[in-house]
Amino acid sequence: MPRTYRREYERLLPLVEKPGRYLGNERGAVRKDLGTVRLRFALAFPEVYEIAQSHLGLQILYDVLNRRPDVAAERAYAPWPDLEAALRQHHLPLVSLESHLPLADFHVIGFSLQYELTYSNLLAMLDLGGIPLRAAARGPRDPLVIAGGPCAFNPEPLAPFLDGVLLGDGEEAVGDVCDAVLRWDGRDRTALLRALADVPGFYVPAFFAPEHRPDGTIAAMTPLDPTRPRVAKRTLVDLDRFAPPASPVLPNVGVVHDRASVEVMRGCVKGCRFCQAGYVYRPLRERNPERVVASTADLMRRTGYEEVSLLSLSTGDYSGVNPVLKELMDRLVPERVAVSLPSTRVDALSPRILEQIRRVRKTGFTLAPEAGTQRLRDVIQKEYREEELCAAARLFADLGWRTLKLYFMIGLPSETEEDVVGIAELSARVAAAAGGRLAVTASVSTFSPKPHTPFQWAGQLDLEETRARQSLLRRELGRRRIAFRWHDARLSYLEGVFARGDRRLGDVLETAYRHGARFDGWSEHCRLELWQEAMAEHGLDAGFYLRRRPLAEVLPWEHLDAGVSRKFLLQDLARAVEGILTPDCSIERCTYCGACDFATVRNVDYHPAGAKGADHRGAEISRWAEMAVSATESGDLAWETKAWRDARARGARPRPRPPVARDTPLPASLAGRALPERPVRRAPNAAGDGNAEEWLGAVRSALTPEPPSPPAVQRVRLRYRKVGPARFIGTREIGNVFLRAARRARLPIAFSNGHHPMPRLSFSPAIPLGFSSDDEYVDVDLTVPTPPETVATRLAAELPEGLEPVDAVDVPRTAPSIDAGIAAFVYEVDLAALDVPPAPALVSAALARFAASRSFPVLKRGKSGDRMVDARPFVRALADAGPHRLRLELAVGPEGTVKPGAVVGALLDIPAADVAQLRVHKVATRFRAAA
Ligand code: SF4
């Protein structure tokens, strides 16, 4: 069994900003005995914990892999620069979160590629993990390094560093990869890659050789195996084959999406022409609504989260959205669990549901018109019409929202100055429609053309032009008093280069990484000059990658088949030129994009038996909005897929998939055409418009008020220990950790009333991050009488490792707060944690000097700055407590207290930078005697 590094990391963690990122002790984390499994698989995400841990795809694969008894899947995320520096300084490897095993000791490293600006982090993780950067330099004992995710649909800039790439859905494919690795004899790495190339959806970059012309364009992408000229993506036909993860990892530190998530649908056929996910994840596949309700209710019981998000690319378009929301809200709202839809077309929702959403999203609503004029919205196939936006804004204001964010892009194909100014004009008209009751913000990013979309040939704005259009917007929005948020032009520029980049960019990436590029997606970390220098060093030019591509040019990703055919993309581009919308094939006819083979792969959309056509998807929602999702014995409320019902009815035969030919003639409409600048109108009420009129009937007075919280009838004071990894759970997070544990334990926690009901949990004063403690307290108010020992026992079963209830007692609900009665804290400080602990004689001398002193100045750091205070009056006791150990009692009064580290640091002359290494343990809390 290879060596692990838990102890070494524990020594480093007090020195970094957020140690909770690296603990791996969350509930739901799977720690298998690595000696008993046959395959160790590291799921790697090249971003910081808070983003990586929010990603549902990673949780799904973690669950799928760990269900196999022969596989252990562990997580590895990008270390923040402070930890990277510490690892390099101490010559320590990057390890997995669960077992602290170096990445080099895994059999497979699987990276999730969600964003091009994480590529430098990917190299950092390989390098710190002890793995040769270049795939060609790896030997039989090195891990197999693979990647998947949306960016994997053009992995060429990363090709030199990846052994393989999984295209498409991972649930089934990842198991096939494990099987191939387990069958391998561990000798010839090329033999392993050949076996993996047989796995559907698996691309081995080394088996394709690009050839470039002197001008940099690709002359040919030659397959080394001529029988495999293209690699097609993997499609999971039936999402319900894999239930959503039932016991996901529950983070102890605040993450970006701090809630439960259930994927209700994959793929989207709305056809927004800029959206890569909308093309590469076709066809549309919905989960059975009944199973969504059942698995969501179960998930909430297991996680204790106070919010669940129903995820997809456009959840408002999910066939069962209204009935599922109704059912879930009926079940969950009484338990104060909110249901949210992160991506929603408001026109697909009923008034009742919008009201329910308002209860969750109290702070604001976001709409994404994407373009400022109707002409440009037609070019990009974005369905919003101005009347709908204005009506939505009015309704949001009526329902009590106070802020509205509008998302736009600049630099979309055919954009003119009129379109840019149109963003400001539209924002102002939407604000006016709400009668000034909504604070409107225009949030504007720069369009970056993505592979496998109809706009993959389009040009991208360069830095200068982006900034010029941002300036124009700043002026125009400012004149209209609309707030303006803009995306950093440098980030869009780099994203554009790598999104449509070729294999030559691998050298640029490695050079920029070696010169210090990290976290390039974070404005404050992005160092564009490093990238520009690296491009120049390798004779490449960003303009080459951002330019408009001729339609006949071989694109770096054309040997990868994302399902949607080149012919369809060209046809759709032609429709964009004309400003013509492509129908939604889940409502209307198939437009032959190529994603379905109609034998096994097809749109899977559930609707109530009896619903016809688009009844359930926007045209006649009111009929279905109040429907229940639970099937009855008569079966008349059952859900079925349209495709399956039709197939049964027709006894359908599979239709052959049209061949994808590279020499497809270009549509005549594209020959020599420029994108139009005149508005192109479409007929009103076209299919897929949704039913804005229906929800516009909602008025605030007709909506159900928030039910009052049952009153608290009992207060239990719980004493608990905070030890081991839990000492790195911060003050802000501890409340959520307890609340979620209490929900899982089914304890009847009381809530405050009002607009923002808060759980009635009240903690003793926070101890600094990294301190452990035997004596912490929390007061828990309950709505149903419960024996205190039951509270302690049930919480003990649900709290994460290191939070340990000790005892619990009833206290009167009128009792003073815990803080009010505290007189002092007793600490033990472990000096052995220092790199060079002070000699015992030196400690004895310092203690003697302290005992004789009348005052003892220490530095006190505060929000308003640092100042010297006299610590002497606070120190009730200070004594030697054994080898390298001091015990001190510090008084707490109206003027506060002092930190044990500050006292011990000053006592022993420990440099400020080393004080954080001291291991401090709170032994006891001293309470004032009752009056
Ligand atoms: S092949 Fe037809 S039905 Fe399937 S996703 Fe494409 S357009 Fe829709």
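The values are calculated or read from the model by the stated rules, or taken from the named source; none is laboratory data. Computed from a predicted structure; not experimentally measured. For neighbour counting, all protein chains shown are included, and Cβ atoms are generated from backbone atoms with ideal geometry for every residue, glycine included. The accessibility values were calculated without ligands, DNA or RNA, using every heavy atom of the protein model including side chains. Shrake-Rupley method; radii C 1.70, N 1.55, O 1.52, S 1.80 Å.
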Pick from the stretch 534-566 the residues that are away from the ligand (no atom under 16 Å from the Cβ) and charged (D, E, K, R): which of them is nearest to the chain's Cα centre (by Cα)?
-> Glu558
If you take the residues in the stretch 567-593 that are under 28 Å from Arg228 (Cα atoms) and under 30 Å from the mean Cα position of the chain (by Cα), which one is surrounded by the most Cβ atoms within 10 Å (Cβ to Cβ)?
-> Leu569
Name every residue in the stretch 569-601 that is near the ligand (Cβ under 7 Å from one of its atoms), touching a Phe, Trp or Tyr at 6+ places or on another chain (Cβ under 9 Å) and either basic (Lys, Arg) or under 25 Å from Trp557 (Cα atoms) (or both), in order of residue number.
-> Thr591, Tyr592, Cys593, Gly594, Ala595
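Go through the residues of the stretch 23-44 one by one and say whether even a single one is closer than 30 Å to Cys526 by Cα, surrounded by fewer than 20 Cβ atoms within 10 Å (Cβ to Cβ) and in contact with an Asp or Glu (Cβ under 6 Å, 6 or more places away or on another chain). Spell out the reasoning first.
Filtering the stretch 23-44 down to residues closer than 30 Å to Cys526 by Cα leaves 23-24, 42-44.
Within this subset, residues satisfying the condition of being surrounded by fewer than 20 Cβ atoms within 10 Å (Cβ to Cβ) are none.
Among the residues of the stretch 23-44, not one is closer than 30 Å to Cys526 by Cα, surrounded by fewer than 20 Cβ atoms within 10 Å (Cβ to Cβ) and in contact with an Asp or Glu (Cβ under 6 Å, 6 or more places away or on another chain), which makes the answer no.
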Under 28 Å from Pro900 (Cβ atoms) and of a type in the set (D, E, K, R) - does that describe any residue in the stretch 749-770?
-> no
Among the residues of the stretch 247-271, write down those that are in a loop (DSSP other than H, G, I, E, B) and either within 16 Å of the ligand (Cβ to nearest atom) or over 24 Å from Gly20 (Cβ atoms) (or both).
-> Val264, Gly267, Cys268, Val269, Lys270, Gly271
Do you know which residues across the stretch 54-96 are in contact with a strand residue (DSSP E or B) (Cβ under 7 Å, 6 or more places away or on another chain), part of a loop (DSSP other than H, G, I, E, B) and surrounded by fewer than 24 Cβ atoms within 10 Å (Cβ to Cβ)?
-> His55, Asp70, Pro93
Odd one out for Pro226 among (1) in contact with a Pro (Cβ under 8 Å, 6 or more places away or on another chain); (2) surrounded by fewer than 22 Cβ atoms within 10 Å (Cβ to Cβ); (3) not basic (Lys, Arg) | (1)
Considering only the stretch 276-295, how many residues are in a helix (DSSP H, G or I), touching a Lys or Arg at 6+ places or on another chain (Cβ under 9 Å) and more than 14 Å from the ligand (Cβ to nearest atom)?
-> 3
Checklist (1) small (Gly, Ala, Ser); (2) modelled with pLDDT of 90 or more; (3) open to solvent by 80 Å² or more (accessible area, probe 1.4 Å) applied to Ala931, failing item | (2)
Is it the case that the stretch 488-505 has a residue that's out of contact with any Leu (no Cβ under 6 Å at 6 or more places or on another chain), closer than 21 Å to His212 by Cβ, modelled with pLDDT of 95 or more and among the β-branched types (Val, Ile, Thr)?
-> yes
Output the number of residues of the stretch 867-922 satisfying the condition of being open to solvent by 80 Å² or more (accessible area, probe 1.4 Å), part of a loop (DSSP other than H, G, I, E, B) and modelled with pLDDT of 90 or more.
-> 2
Considering the stretch 187-216, residues that are part of a loop (DSSP other than H, G, I, E, B) and touching a Pro at 6+ places or on another chain (Cβ under 9 Å), and then whichever is surrounded by the most Cβ atoms within 10 Å (Cβ to Cβ), we arrive at Asp188
Run Arg549 past the list (1) at pLDDT 95 or above; (2) over 23 Å from Leu167 (Cβ atoms) and report the number of the one that doesn't hold.
-> (2)
Exception for Gly364 within (1) among the small types (Gly, Ala, Ser); (2) over 30 Å from Leu570 (Cβ atoms); (3) modelled with pLDDT of 80 or more falls at (3)
Check whether at least one residue in the stretch 606-619 is open to solvent by 30 Å² or more (accessible area, probe 1.4 Å), away from the ligand (no atom under 16 Å from the Cβ) and modelled with pLDDT of 60 or more, and report yes or no.
-> yes
Scan the stretch 445-462 for residues that are outside any loop (DSSP other than H, G, I, E, B) and surrounded by 24 or more Cβ atoms within 10 Å (Cβ to Cβ) and jot them down.
-> Thr446
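Of all residues in the stretch 296-326, how many are small (Gly, Ala, Ser), assigned to a loop (DSSP other than H, G, I, E, B) and open to solvent by less than 20 Å² (accessible area, probe 1.4 Å)? Break it down stepwise before answering.
Here is the first cut: in the stretch 296-326, the ones small (Gly, Ala, Ser) are 297, 304, 309, 312, 314, 316, 319-320.
Then drop every residue that is not assigned to a loop (DSSP other than H, G, I, E, B), which leaves 304, 312, 314, 319-320.
Next, only the ones that are open to solvent by less than 20 Å² (accessible area, probe 1.4 Å) stay: 304, 314, 319-320.
The qualifying residues number 4.
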